[in-house]
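Written below as structure tokens is the structure these notes are about.
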Amino acid sequence: MATLLQAAKPYLSYLASTLGERDYVVFITDIDGKCLLMHRSPSMDKLAEKHGLGTSWSAAHIGTNGIEKALATSGTVLITGTEHSCEDLHCYTTIGTPIQASTSALLGVLGAVIPCNGQDNGLIILLEAAAFSISREFAHHYKEDVTQSLTDGIYHNPFIGVIVVDNKGIVRKTTDSAKRHLLIDDDRDIVGLKVT
């Protein structure tokens, strides 16, 4: 989950700066609805303390809300006012937007809580765009992690030569055995060179 949080941090910060002086809470949950990362305006401290980091936005814990519905449907869901089961949320709108892997697997939800009178369609579009961007960033990190795991498994085997090249054709990592197989001087570093 650390990679999802790494991918989400800059986008949550961006959302917070975009929302500026408005009353808001924006956060990331895991697939069980647990709040992992949060930004909020100072005016929302009381709500954030009660339903913030480490707490669950699942139906079992907090009842009907946009975040739990997004988890259940894998779609963007908006719940407002008394549609919420939890009285704490009756004067708010909750919006949940799924964060999905490229395989459509649910990674978590980008959630937002705003006062009922603060809802606008632009915010929904902004949340969906941020969730999509987080998904893309996660996919980028995940590919790097998979490459690293594969490389680490064979990297120290003296009989197997490994050269890791990124999608732009730049050599990112190489083994001594790969250099030997290609008759490249041990002193010469090919990391950073472009493969043509």
**OP:** Return only the number of the condition from (1) under 19 Å from A129 (Cβ atoms); (2) charged (D, E, K, R); (3) within 19 Å of the chain's Cα centre (by Cα) that D32 does not satisfy.
**Re:** (1)
Subject >> Single residue of P115, P42 found to be in contact with a strand residue (DSSP E or B) (Cβ under 9 Å, 6 or more places away or on another chain), under 17 Å from A16 (Cβ atoms), surrounded by fewer than 18 Cβ atoms within 10 Å (Cβ to Cβ) and assigned by TED's automatic domain parsing to the domain that holds Y11 >> reply: P115
**OP:** Residues being without any contact (Cβ under 8 Å) to a residue 12 or more places away in the chain and among the charged types (D, E, K, R): count how many of those fall in region 49-71.
**Re:** 1
Subject >> S13 being small (G, A, S), over 18 Å from the mean Cα position of the chain (by Cα) and assigned to a helix (DSSP H, G or I) >> reply: no
Original post:
Taking only pairs six or more apart or across chains, which ones have beta-carbon atoms under 7 Å, a first residue in region 75-89 that is without any contact (Cβ under 8 Å) to a residue 60 or more places away in the chain and not assigned by TED's automatic domain parsing to the domain that holds W57, and a second residue that is in a helix (DSSP H, G or I) and not hydroxyl-bearing (S, T, Y)?
Top reply: none
Subject >> Matching option when the condition is closer than 21 Å to F138 by Cα and exposed (fewer than 15 other Cβ atoms within 10 Å of the Cβ), among A105, A70 >> reply: A105
Subject >> Where a residue in region 32-48 is within 19 Å of G63 (Cα to Cα) and its partner, wherever it lies, is at pLDDT 95 or above and in a helix (DSSP H, G or I), with Cβ under 7 Å and at least six apart >> reply: G33/I67; G33/E68
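The values are calculated or read from the model by the stated rules, or taken from the named source; none is laboratory data. None of the values given here were measured: they were computed from a predicted structure. Heads up, the Cβs are rebuilt from the backbone with ideal geometry, glycines too, and the neighbour counts pull from every protein chain shown.
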